[in-house]
1. Pairs of Cα atoms under 8 Å, at least six residues apart: use those to get the relative contact order of the stretch 82-199, whole percent.
2. Expressed as a fraction of 2.2 N^0.38 Å, the rule-of-thumb size for a compact globular protein of N residues, what is the C-alpha radius of gyration of the stretch 142-268?
3. Ranked highest first by the average count of other Cβ atoms within 10 Å around their residues, in what order do 208-221, 77-90 fall?
4. For a quick check: sort 262, 122, 256 by the number of other beta carbons within 10 angstrom, fewest at the front.
5. For the stretch 52-169, what is the convex hull (Cα atoms) projected area averaged across all directions, in square nanometres?
6. Take 159, 44, 59, 101 and order them by how many other Cβ atoms sit within 10 Å, fewest up front.
7. For the stretch 162-231, just the Cα set please: Rg and Dmax, both in angstrom.
8. Which whole-number percent is the relative contact order of the stretch 178-233 (Cα, under 8 Å, 6+ apart)?
């Protein structure tokens, strides 16, 4: 039997179309198997969700009397795939029971894998956070660069005096301290990518501690200078405090516009000498430097009622606080008749209860 040319091309086209359908079907099956074998998170999640939704409709169609609403069908599907099985709903037809057996084998296994994936995901997230690989997404936090014993004291002081979040940056393999309000970033603080992970542009302040592993003061201060330069370039408005090993190196930070400097070794030496000559003065230093006990140093807002330093001094004294400085000027007693400028930063010595009372009063005024 001979086929005409048109019939031959038609059969040829039909054959090619069947081959294309078979090829696509094979590709889909291979893709499904490949993703299933890899246990891709999103693939398993979507597959489980689709199975639950389809099963809800299928059981509603197979046994409409047993499952009068879609919610009843969904309830049975969920209790089945989670192996709860309350027994308030169950299929009674052959078709319904056959599909239920299918869910016992496939549905329970899929959901178990998804739950396992979620548990593994939480564990992996915790592991990545401890290893400093997660980006910080908060704001108004304090960034501490360089972990050391001094940094640990700084963390304790911040936690004692404030409730803000803290972001630590260092190269340690794991976070040196695990707390709810502390986030660890692993990396070199001089790199822009690392500072971005610490949300440096949204931070309230930055503390740069000298690297204790570098014993040469010149090299240690040089590293701090590079870090400070990176910070000020990315966020010029941020308040930056840098620990400097030698006072003569401070002039090298002039172009960086660092706000505060802490002379680590020299400050301790000077305090020790003062304590040797004046007994009991170390206790005064301890109270001023730490908010853990006794009278402390606080910054307070300027009240609208204070037009001169004398008015502020007398008013604060009545409330249990002593005004000692405006910014870095501690000559208030010689400037009592001067007017308080709009940009004044007043510091007082008082206990925590008095400070909180002053803050509440100013907020309510």
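1. Working: 118 pairs, mean separation 29.2, N = 118.
Averaging sequence separation for qualifying contacts and normalising by length gives 25 percent for the stretch 82-199.
2. The stretch 142-268 yields a ratio of 0.98.
3. 208-221, 77-90
4. On the way: 262 15, 122 10, 256 18.
So the residues, fewest neighbours to most, are 122, 262, 256.
5. Details: hull surface 46.5 nm².
Reported value for the Cα convex hull: 11.6 nm².
6. Values: 159 14, 44 19, 59 26, 101 11.
Ranked by crowding around the Cβ, least crowded first: 101, 159, 44, 59.
7. Final numbers for Rg and Dmax: 12.6, 36 Å.
8. Details: 30 pairs, mean separation 20.0, N = 56.
After rounding, I find 36 percent.
Every read-out reported here was derived from the displayed coordinates using simple, explicitly stated rules and does not represent laboratory data. Keep in mind the model is a prediction, meaning the values are calculated, not measured. Neighbour counts run over all protein chains shown; Cβ positions are idealised from the backbone, glycine included.
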